[in-house]
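The values are calculated or read from the model by the stated rules, or taken from the named source; none is laboratory data. The structure presented is a predicted model; accordingly, all values stated were derived computationally and were not measured. Positions of Cβ are generated from backbone atoms using ideal geometry, with glycine treated the same way; all protein chains shown enter the neighbour counts. The area values use the complete protein model at the heavy-atom level, side chains included, leaving out ligands, DNA and RNA. Shrake-Rupley method; radii C 1.70, N 1.55, O 1.52, S 1.80 Å.
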Amino acid sequence: MDHVLKIRLKETVHVDQDKLGALYAELGEAGAEDVVCRAMEELALRLSHCSRLHRAGQWDELRKCARSLIAISEQIGMLVLARVAHDVLESLDAYDVPAVAATLARLLRIGEQSLTAIWDLQDITI
């Protein structure tokens, strides 16, 4: 083993600014900021909860948690996070335990990066 390959586990995430802009136009600045802040809080809690459910082998509850992540992330323009949560659902539906572990790990990474991205946008006027 002369060569060691180091895999960089970072993907580019972005926030759909059109979706976020529409939310601000519909709810006004204060209303949209409230929705975004509550959504970020919920996403962080649910990502953590998904991890706990996986460790406990509670597949049905994990499925519900992943579905809720899709709805919340789509609402605030985190489309990559929604897509990866959907991948977790597909793995669960296929009863593919290794794929569930892999896609959930990816979901947690993307979730953290997405929350950081939207947090950074809080300083930008939409």
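Summary table below
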item: Heavy-atom accessible area ranking, 1.4 Å probe, most first, across Ile70, Ile118; result: Ile70, Ile118
item: Cut-off under 5 Å, modelled amide H: who pairs with Met78 long-range; result: Asp16
item: Accessible surface, 1.4 Å probe, highest first, among residues Tyr95, Tyr24; result: Tyr95, Tyr24
item: Helical segments meeting 20 Å axial Cα length and Kyte-Doolittle 0.5 threshold in the chain (DSSP H); result: 79-93, 97-121
item: Identified option (computed Rg/Rh (Cα atoms, Kirkwood Rh); candidates [x] 0.94; [y] 1.02; [z] 1.04); result: [z]
item: Dipole of the chain, positive end: most advanced residue of Ala99, Ala32, Leu89 [Cβ charges, Cα centre]; result: Ala99
item: Percent accessible area from carbon and sulfur atoms, the range 39-126, protein chains only, probe 1.4 Å; result: 54
item: Nearest-10 value in Å² for the accessible area of Thr12, using the 1.4 Å probe; result: 130
item: Residues of the range 14-126: accessible area per residue with a 1.4 Å probe, Å²; result: 55
item: Theoretical ellipticity at 222 nm over the chain - DSSP helices of four or more residues, -39500 (n - 2.57) apiece, nearest 500; result: -27000 deg cm²/dmol
item: Computed label-point distance, nm, for sites Ala101 and Ala44 using a 7 Å Cα→Cβ extension; result: 2.9
